[in-house]
Amino acid sequence: MEILNLGAKPLTIRELRDVAQKGRKVDLSPSARRKVLAARKFLDREIQAGKTLYGVNTGFGLLSNVKIPVHDIESLQYNLLRSHAVGLGEPIPEAAVRAMLLLRAANLAQGHSGVTIELIEALLALLNRGVHPVVPEQGSVGASGDLAPLSHLALVLIGEGRALYRGETLSGAEALQRARLKPIRLQAKEGLALINGTQFMTAIGALALAEADELVDLSDLVGAMSVEAFRGTHDAFSPEIHRVRPHPGQRLSAARIFSFLRTGGKISAIGRSHEDCGKVQDPYSFRCMPQVHGASRDLLVYVRRVVETEMNSVTDNPLIFPEEGKILSGGNFHGQAMAMAMDSLCLATAEIGSISEQRISKLVNPLISDLPAFLTPDGGLNSGFMIVQVAAAAIVSENKTLCHPASVDSIPTSADKEDHVSMGAWAARKANMVVRNVRRVLMMEMLSAAQGIDLLRPLRSSVAIERLHKKIRSFSAPMMTDRSLHEEMQRLENEIIRGTFVPCAQVDGP
């Protein structure tokens with residue numbers, strides 16, 4: 001892949017994923033270098049003029065009224081990183097750390113932070129050399145930014161903290177040495193500029209959003225397979241219905257499902273077998289897929305707008321405006337916008353899992369479907385998919401708890417100086433959990449629907465559904481007698497992460 005030049009144009013979620021998950025290299029664009037240099041020169045002049053500047057020659061938070069002597073200005077930045085690196089819990093994944101590094105560098109590269117070129121280059125060197133700071137998951141309230149997680153990220157730059165390098169967890173100093181890098185010397189304001197911001201919540205949130213978008217696409221396809229396995233009607237997906245309620249997401253999901261169910265515009269053999277069955281309307285979990293999936297799609301559009309705006313924002317404090325001759329303190333580090341977007345991401349994604357679980361429930365229930373109880377030909381001796389649905393129900397119930405909004409749960413911190421916080425870090429973390437859970441529910445629906453298709457043989461489905469069925473069966477055989485599905489489920493989940501299934505089934509259509 002081409003090197004990504006920060007500052008040349010707005011950063012996209014696709015580019016973030018390329019860097020975080022595929023190792024794309026990053027550099028600083030010439031235009032960004034000019035802006036960064038201008039801001040640093042202006043800040044240095046203001047310091048030399050003896051101005052009192054928050055976080056440069058003062059303490060932090062409630063201690064901002066304490067003036068710091070000139071000879072202690074650099075020590076102030078080191079002390080800030082050390083004192084704020086108090087995160088707890090499991091380390092976040094390497095991909096999320098890489099996204100944090102990229103976003104922190106992108107934030108500083110906009111030329112309103114007053115840092116040196118060398119600091120940004122040091123962040124990019126960690127990315128490009130594969131030195132990944134160990135960042136614990138807990139400790140941020142998302143108000144003065146993600147202070148604790150970003151402090152753990154920044155400590156490695158000065159040769160402290162811990163880092164993962166080539167699969168081995170090392171001291172920050174050892175990791176830098178093995179990567180042939182040297183610790184940097186922090187200048188005035190640079191410690192503060194490294195940790196004021198929303199890059200922890202935005203990194204986790206952007207990666208979760210990217211997968212959520214893919215899961216909604218997958219839900220249309222897997223839901224279409226369930227319609228066939230259930231021998232449900234196709235009428236609910238007809239374009240005429242959705243033309244008169246033209247929500248964009250609803251129309252898109254309806255068109256996708258309708259196209260998956262047809263080959264060359266014609267109904268499948270399974271679909272034809274339903275035409276004289278006497279059923280008039282299917283349960284909502286089948287019939288209302290476009291309305292439910294579509295509402296989630298529309299909500300994810302809002303989430304994407306917030307996330308991409310945040311990715312390209314300046315979120316530290318104070319901010320430098322060389323052209324206006326101003327250094328201004330404000331609150332761009334506050335994560336409220338991201339917190340509310342992440343709570344919305346929870347809702348949008350959880351509903352995809354909720355309706356998916358109900359389709360599984362209908363497929364295994366012989367009182368509602370025409371299939372054998374629990375999708376097994378020899379029920380009693382075999383339990384079939386009985387506990388697959390139970391496991392899906394358990395996961396969906398977890399999501400109900402995780403959907404409690406974090407953004408309304410403010411708690412005062414820092415001796416009441418930071419009296420309203422966003423809880424955006426927790427909002428992003430739980431959104432990521434919901435996305436993971438929904439991935440697993442869709443995987444279980446995929447297995448259940450594929451089993452239902454097998455039980456309808458020799459009837460065939462559409463080309464798209466048959467392609468999906470064949471791909472599923474390359475990882476998991478039909479289950480006509482009981483066996484443990486655990487390892488097969490893990491394989492299928494990994495293939496969902498890789499994005500295997502939607503492309504294999506795509507024919508003509510949306």
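The values are calculated or read from the model by the stated rules, or taken from the named source; none is laboratory data. Predicted model, so just to flag it, every value in this text is computed and none were measured. Every residue, glycine among them, receives a Cβ derived from its backbone with ideal geometry; neighbour counts consider all protein chains shown. Surface accessibility is based on the protein's heavy atoms, side chains included, excluding ligands, DNA and RNA. Shrake-Rupley method; radii C 1.70, N 1.55, O 1.52, S 1.80 Å.
Let me check I've understood the local charge: for SER75, count other residues with C-beta under 12 angstrom from its C-beta, Lys and Arg +1, Asp and Glu -1. What total comes out?
0
Long-range amide H contacts for GLU418: which residues qualify at under 5 Å (H placed 1.01 Å from N, peptide plane, sequence gap of 5 or more or a different chain)?
Long-range HN contacts for GLU418: THR413.
Using a Förster distance of 56 Å, how high is the FRET efficiency between ARG245 and SER383, based on the Cβ-Cβ distance and rounded to 0.05?
That pair, ARG245 with SER383, gives E of 0.85.
What's the FRET efficiency of HIS486 with ASN79 using the Cβ-Cβ distance as r and R₀ = 60 Å, to the nearest 0.05?
So the FRET efficiency works out to roughly 0.75.
Quick one: if the Förster radius is 56 Å, what FRET efficiency do GLU275 and ASN312 give, using the C-beta to C-beta distance and rounding to 0.05?
0.60
For a label point 7 Å from the Cα of VAL301 along Cα→C-beta, name the residues of segment 212-244 whose backbone N is under 19 Å from it.
Inside the label zone: 212-220, 239-244.
Counting every Cα pair in segment 1-129, what percent are over 23 Å apart?
When all Cα pairs of segment 1-129 are counted, 44 percent exceed 23 Å.
So how much slack lies between LYS25 and GLU168, counting 0.36 nm per residue of separation and subtracting their Cα-Cα distance, in nm?
49.4 nm
What does the convex hull of the Cα atoms come to per residue for the chain, in Å³?
Each residue corresponds to 156 Å³ of Cα convex hull volume.
Counting only heavy atoms of protein chains, what accessible area per residue, in Å², does the chain have with a probe of 1.4 Å?
Using a 1.4 Å probe on heavy atoms only, each residue of the chain averages 42 Å².
May I ask you to give the percent of accessible area on the chain that is carbon plus sulfur, with a probe radius of 1.4 Å?
Result for the chain: 54 percent of the exposed heavy-atom area is carbon or sulfur.
Give me the extension gain from ILE368 to LEU62: residue separation times 0.36 nm, minus the current Cα-Cα distance, reported in nm with one decimal.
103.8 nm
Name the long-range amide H neighbours of LEU28: under 5 Å, sequence gap of 5 or more, or other chain; modelled H, no Pro or chain starts.
LEU6
Could you give the length gained by full extension between HIS420 and ARG460, i.e. 0.36 nm per residue of separation minus their alpha carbon distance, to one decimal place?
Length gained, HIS420 through ARG460: 8.6 nm.
So how far apart, in nm, are the two label points at ARG436 and CYS504 if each is 7 Å from Cα heading toward Cβ?
Taking the simple label geometry, ARG436 and CYS504 are separated by 2.5 nm.
Over the Cα atoms of segment 194-344, what Rg and Dmax result, in angstrom?
Answer for segment 194-344, Rg first and Dmax second: 22.2, 77 Å.
May I ask for the net charge around LEU170, where only other residues with Cβ less than 9 Å from the Cβ of LEU170 are counted and Lys, Arg are +1 while Asp, Glu are -1?
The answer is 0.
I need to check one value: relative contact order of the chain, counting alpha carbon pairs closer than 8 Å and at least 6 residues apart, in percent.
Relative contact order of the chain: 17 percent.
Report, in listed order, any pair from LYS35/LYS189; LYS41/LYS326; LYS362/LYS400; LYS67/LYS189; LYS9/LYS182; LYS266/LYS470 with a Cα-Cα distance greater than 24 Å.
Pairs exceeding the cut-off: LYS9/LYS182.
Quick one: 3J(HN,Hα) in Hz for segment 244-255, Karplus 6.51/-1.76/1.60 with θ = phi - 60°, rounded, Gly and Pro as x.
After applying 6.51 cos²θ - 1.76 cosθ + 1.60, I find 9, 9, x, 5, x, x, 4, 5, 5, 4, 4, 5 Hz.
Per residue of segment 66-79, what does 6.51 cos²θ - 1.76 cosθ + 1.60 with θ = phi - 60° give for ³J(HN,Hα)? Whole Hz please, x for Gly and Pro, Karplus curve as stated.
These are the phi-based 3J(HN,Hα) values: 8, 7, 9, x, 4, 6, 10, 4, 5, 4, 4, 5, 5, 4 Hz.
Could you state the principal axis extents of the C-alpha atoms in segment 234-303, from the largest down, to the nearest angstrom?
Over segment 234-303, Cα extents along the principal axes are 42, 26, 20 Å.
Cα extents of segment 303-412 along the three principal axes, largest first, in whole Å?
Reported extents, whole Å, longest axis first: 79, 29, 19.
Let me check I've understood the local charge: for LEU442, count other residues with C-beta under 12 angstrom from its C-beta, Lys and Arg +1, Asp and Glu -1. What total comes out?
Once positives and negatives cancel, what remains is -4.
With a cut-off of 8 Å between alpha carbons and a minimum separation of six or more residues, what is the relative contact order of segment 141-231 in percent?
Taking the mean separation of contacting Cα pairs over the length of segment 141-231, I get 31 percent.
How high is the relative contact order of segment 449-510, in percent, with contacts defined as C-alpha pairs under 8 Å that are six or more residues apart?
This gives 46 percent for segment 449-510.
Show the residues, 5+ positions off or on another chain, whose built amide H is closer than 5 Å to the amide H of ARG460.
ALA269, ILE270
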